Structure formats: C-alpha cells, structure tokens
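Here's the structure, in structure tokens; my notes come after.
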Amino acid sequence: MLDLGRLRALHAVAVHGTVGAAAAALGYTPSAVSQQIAKLERETRTTLLERQGRGVRLTDEAQQLAATAETLLSIVEEAEVRLEERRGLPSGRLAIGCFASAARGLMPRVLAELARRHPSLDARLTEVDPHLSIDLVSRGVLDLAVAHDWDIAPMPTPQGVEQAAIGDDLCDVLVPHDHPLAARASVRREELVEERWITQPPGTVCHDWLIQTLRATGYEPHIVHRAEENPTQVALVAAGLGIALVPRLGRGPLPPEVAPVRLDPMPMRRLHALWRAGAARRPAITETVRTLQELWPAVSAATAVT
C-alpha cells in the first residue's frame, strides 16, 4: 500500500518545482523529502525524479502519481474537516501562507493569540508572494493564505476558493527629510511624475500598482532602484536616492532622514484571507479568520503612529 506521507512529498515537489521548495513548504529538510521519494520509488518500482541540471524533473509516471496524490489528499482533508467539525475545536496542523509585510507586522500577534487560545492547533507560517499564495491554496498546499490587492487591481479568486476581508492597509509616499515635499501635508499624484522612484521589482503587486497609477496621469514613472523588502526601500529613501510608496503594515518606525507624506487620494491595500471552499467548515479556518479580523484594528492603529 502506498504511504500517504510519501505521496504528499511527491505532490509538494510537483507543486513547488524543487525538492528544497517542497521541503520548506512541508516543514521538512530537503534530505527528508528526498528520502521519502526514494522510498516511494522502491515501493512503486518506478523512477519518479530525474536529474535536470542542478534540479530535478518529474517523470511522466511521477506526474500521474502526483495527480492521484492530489485527489487522495483532498479526500483526507475532507475527513479531517469532518472530524474537527464534530469536535468543534480548532486542532491539527494549519499551513498558512502570507506576504512579507503582513508576516512581519500582523502574523506574529495572530499566531501567538491562536497558540494561547487553542493549544491543539498547530499553525505554521510560510512567507509567500500574494499571487502565488492563491494558487497554493487552490492546490491544497496551503490551508489558508493572507494576501492583498489594490483598489485599481482587484485580486481574482479562482473557483473553489473563498475569501473574507481583513482590513485596509494605508500607504504613504516616503521622501528624504530635506526633499521639497517633506513639509507638505499631502501631495497629488500629478506632482510626482518627475520624481526618481524606488519600488519593488516588476511583477509584484506594488510595482504594478505604481506603474498603472502614474501612467494614468500620462507619464511613465522614472524608476531608479528596485528592492523587494520595504525596509530596504526606506533605507534608500533615507540616503536621498529617491522616493517610494510604502504601505504602513510591517514598515516599522521611520528614521529621522525620512518623512511620510499623504498621497491624495490615499492609496490602500486590501487584505484578504483565502481558503478552499471544501475546508470552510473547519474550525481551524473559521477561528483563524476571526482572529485576523479581530486583531487587525489594533495592528492598523499601531501603524498609524510609526
């Protein structure tokens, strides 16, 4: 009989593309994942992974087995949901995916509160891009994701995935303290078209929002620096190298060399919790979503003074 844990390891490699990424998602070491798949190869008397450059490639047989594993894992999830529902208490493992600034600014408080209230719940966090997290929820790799979108770029939700609003994260334009705009209470988008911008790399939600917004004014933004992490963007602004649009969540206190200026109208990110429709009855899901919504006002209020 095929071992479900080994099938889960193979499915994770199929979803994430590498043994290392699969290990990170499962909370194992790469060596442990490789051992699980090697045992599965012996059980099935089939080659499942082939070397391809520095990585691996799933064989046709492995792709078929991974698809079957996805079906089996969804059946197991349904059984777990029914058991947890009967108990009426959040329990078991809950895989949560979250984008970087929420992982830093929101989730530590949420995870600590869940651990305090529900000792039987094993909530585990993985930092992941919001675009990727939706697909990972849909595939069953994540049980729940915290993602975000912008007012001009709504987040599409695939069939079979449900969502609930958590709250709105406001954003400020950050400028060097000696910048001509530093003393202003607010600034319009049309006044920023000649500025040197610091932003995230192309393909990220924040970068795409900036491009679309400034193009709507009839100008192409002059991007001079790209950095994935908000603290890096803040440091570049502090050095006088440009300006940046940075959300408040997870930003932390600003150094004296940086001044926040309100952009009128003020942009905001909308935070959402997402989960599979089949797991909607699971108490671990409903309680985690409730805790996110309950703690958000305090988290949001704290960011307003930093």
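The values are calculated or read from the model by the stated rules, or taken from the named source; none is laboratory data. Because the structure is predicted, anything quoted here is derived from the model rather than measured. Cβ placement follows ideal geometry from the backbone for every residue including glycine, while neighbour counts extend to all protein chains displayed. Side chains are part of the model used for accessible areas, which takes the heavy atoms of the whole protein and leaves out ligands, DNA and RNA. Shrake-Rupley method; radii C 1.70, N 1.55, O 1.52, S 1.80 Å.
What to note about this one:
- Dipole of the chain [Lys/Arg +1, Asp/Glu -1 at C-beta], most positive-end residue of L136, V161, I37: I37
- Note on H272: accessible area approximately 20 square angstrom, rounded to 10, probe 1.4 Å, nucleic acids and ligands left out.
- The mean accessible area for residues of the range 172-275, using a 1.4 Å probe and ignoring ligands and nucleic acids, is 45 Å² per residue.
- C-alpha center-to-center spacing [the range 168-227, the range 67-136] in angstrom: 35
- The trypsin sites (Lys or Arg not before Pro) of the range 266-306 that DSSP puts in a loop, and whose beta carbon has at most 16 other beta carbons within 10 Å, are R281.
- Of the residues M107, M155, M266, the one that moves most in a GNM of the chain with alpha-carbon contacts below 10 Å is M266.
- Expected 222 nm ellipticity per residue - DSSP helices of 4 or more, -39500 (n - 2.57), all of the chain, to 500: -13500 deg cm²/dmol
- Only protein heavy atoms count here; under a 1.4 Å probe, R82 has an accessible surface of about 140 Å².
- Surface composition of the chain: carbon plus sulfur atoms hold 52% of the accessible area, using a 1.4 angstrom probe and ignoring ligands, DNA and RNA.
- Anisotropy class assigned to the range 51-162 is oblate, per the alpha carbon gyration tensor with a/c at or over the 1.5 cut-off and a/b no larger than b/c.
- Comparing G218, G105, G53 in a Gaussian network model of the chain, where Cα atoms under 10 Å apart are tied by springs, the biggest mean-square fluctuation is seen for G53.
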